[in-house]
Each structure stands twice: as C-alpha cells, then as structure tokens.
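See structure below.
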Amino acid sequence: MVDGVDDMAISNARLLQLNLRERQREQTNIRPKDASTLLIFDRAGSGPFRVLMGRRHSRHAFYPGAYVFPGGRVDPTDSRVKPDDDYHPAVAAKLSHALRGPKSAARVRAFGIAALRETYEEAGLLIGRRADDNSPALRGQFAAFGERSLTPSLAVLRFVARAITPPRIHRRFDTRFFACFASDIADRLPEGVGPSGELENISWLTFDEAERTMIPPITIAILEEISAQLARDPMLAFDAPTPFYRWLGQGFKRDLI
C-alpha cells in the first residue's frame with residue numbers, strides 16, 4: 001500500500017526499484033520540460049487489453065532502443081492549436097493541479113495537443129473526429145487532419161498519470177500520460193509509421209509482453225497502475241484519481257490528483 005491507497009498503488013518494492021535506479025546519477029540539476037505521451041488501448045474480443053508501443057531509434061539521446069508510448073516535448077505552437085472540443089471538466093481540473101509556470105487554459109490544452117501531435121508524427125495515427133464547416137484551419141503537422149476533414153479531439157483523452165524525472169539527470173521531463181482507445185483512431189497513414197520516423201517496430205502489446213521489452217522503470221510503474229485500473233474500470237472514467245510521481249528528498253513520492 002502506498003499513501004494509504006491499495007487498489008491503485010504499485011508495490012513498495014517497485015517504488016524501491018525506482019529509487020535505487022534513479023538515485024545513482026550525478027548531473028547538474030535542470031528544470032524539467034513539459035512533455036506528453038499517449039497510451040492507446042485495444043481489446044480484441046474477450047482477450048487482454050493491448051497497448052500501442054514503439055521502439056525508440058538508436059540515435060535518441062534519451063533511452064535509445066527502449067519501447068515507449070508515442071510522445072515527446074510540448075512545443076510552443078501546441079498552445080496555439082484550437083480544436084473544436086475540449087477536455088472532460090475533470091481532466092482539465094486535474095491537469096491544472098500543481099502547475100508550474102503559466103496557468104493558462106491554452107497551456108493546459110497544449111498538453112493534450114502535444115500528445116495527439118506526437119502520436120501522428122511517430123505512429124501515423126490521427127486521434128480526432130469529423131470536422132464541421134466552422135472548424136479552424138489546421139497547419140503544420142495538423143494539416144494532415146484538415147486534409148482528411150478531421151479535427152484533433154481532446155474530449156476523448158483521459159489523464160491517467162503524471163511523472164517528473166528525478167533531479168540531476170541530463171534530461172528532465174514533467175510528463176502527462178494520456179489514454180484513449182483504438183476506437184478513437186479516426187484515420188491512419190497507410191505506411192503504418194509516422195512521418196518523423198522516430199519510432200520503429202510499432203506494435204500492439206499485451207501488458208505482459210510490454211514489460212518484457214526494454215522499457216524505462218517509470219513506464220513499468222505506469223503500466224502496472226493502468227492494468228489495475230482497467231481491471232476495475234474498463235472504460236477508464238475521466239474523473240478517476242490520477243497517480244502523480246515526483247522525487248522529493250531521497251526518493252519518489254506517489255500522490256493522487
């Protein structure tokens with residue numbers, strides 16, 4: 001049990017593993033950058049849930065060769081994209097919790113927009129809905145949505161976890177983990193990969209298969225969290241508590257938002 005919660009908590013052993021892995025670093029401390037990632041779940045018939053993951057290219061400086069969910073840094077342009085819909089109110093409220101820096105609605109929207117953009121760039125998947133005549137023109141990477149008469153959708157996104165990279169690591173991120181379902185995929189590129197080429201071997205993996213790949217320790221923790229939640233709530237309620245991992249003092253602390 002962690003922080004008095006046993007149904008969503010990862011084991012104390014897992015927290016210990018995270019702490020031992022991350023404390024052995026000696027770098028100049030830097031401020032974490034905003035980042036977002038998207039977990040897309042699919043269930044074929046009565047089988048187990050599968051999650052979309054891809055392998056980072058070997059040229060990546062951050063966890064090269066590791067299997068990850070589509071995602072990356074939030075770009076300044078993400079705050080200027082205005083989709084037709086918005087988050088569920090519970091999701092918007094949780095994203096605004098303990099927000100460092102500007103606390104604008106545009107910045108909060110940018111977290112989800114970045115996850116949708118990275119999912120297109122890295123996996124070639126467009127998460128959205130049919131645009132109407134009043135939909136704003138989309139540019140940049142989101143031009144692909146407009147070409148297909150689609151608009152990116154924040155309304156389908158669940159906010160399922162947040163994790164801040166510990167101090168004294170050469171790259172630090174304050175990452176928001178979003179989730180949606182395969183049924184939310186409005187279109188996809190025929191090549192089966194995204195235009196950035198940053199992810200290879202994009203595959204639908206069961207949680208057991210995912211944990212047997214090379215993945216970052218915090219990703220294992222998040223998978224355990226979501227596996228437990230899906231077993232209890234297969235639709236992932238928008239207002240479900242969201243685990244928040246951050247390094248305080250000498251180790252990780254897990255709170256619920």
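The values are calculated or read from the model by the stated rules, or taken from the named source; none is laboratory data. In this text, all values refer to a predicted model and were calculated from it rather than measured experimentally. Glycine gets a Cβ as well: all are built from the backbone with ideal geometry, and neighbour counts include every protein chain shown. Each accessible area value is taken on the protein alone, full model and side chains, heavy atoms only, with ligands, DNA and RNA left out. Shrake-Rupley method; radii C 1.70, N 1.55, O 1.52, S 1.80 Å.
A few comments on the model shown:
- Note: the range 72-111, Cα convex hull, 80 Å³ per residue.
- Overall shape of the chain was characterised from the C-alpha gyration tensor. The equivalent ellipsoid obtained from it has semi-axes of 28, 20, 19 Å, in decreasing order.
- In the range 169-247, the C-alpha radius of gyration followed by the widest Cα-Cα span (Dmax) gives 14.9, 41 angstrom.
- GNM result for the chain, Cα springs below 10 Å: residue of 221, 123, 98 fluctuating most strongly: 98
- Relative contact order (%) - criterion: Cα under 8 Å, at least six apart; region: the chain: 29 percent
- The order of 67, 245 by accessible area, most exposed first and with a 1.4 Å probe, is 67, 245.
- Share antiparallel - DSSP beta bridges, the chain, percent rounded to 5: 75 percent
- The long axis of helix 12-22 is offset from the longest Cα principal axis of the chain by roughly 80 degrees.
- Cut-off of 10 Å, at most 11 other beta carbons, DSSP loop: longest stretch of the chain lacking such GluC sites (Glu not before Pro): 27-190
- For the range 116-160, the solvent-accessible area of protein heavy atoms averages 40 Å² per residue (probe radius 1.4 Å; ligands and nucleic acids excluded).
- The orientation-averaged shadow of the Cα convex hull for the range 130-211, equal to a quarter of the hull surface, comes to 8.0 nm².
- Dipole magnitude for the range 180-257: about 360 debye, using +1 per Lys or Arg Cβ and -1 per Asp or Glu Cβ, origin at the Cα centre.
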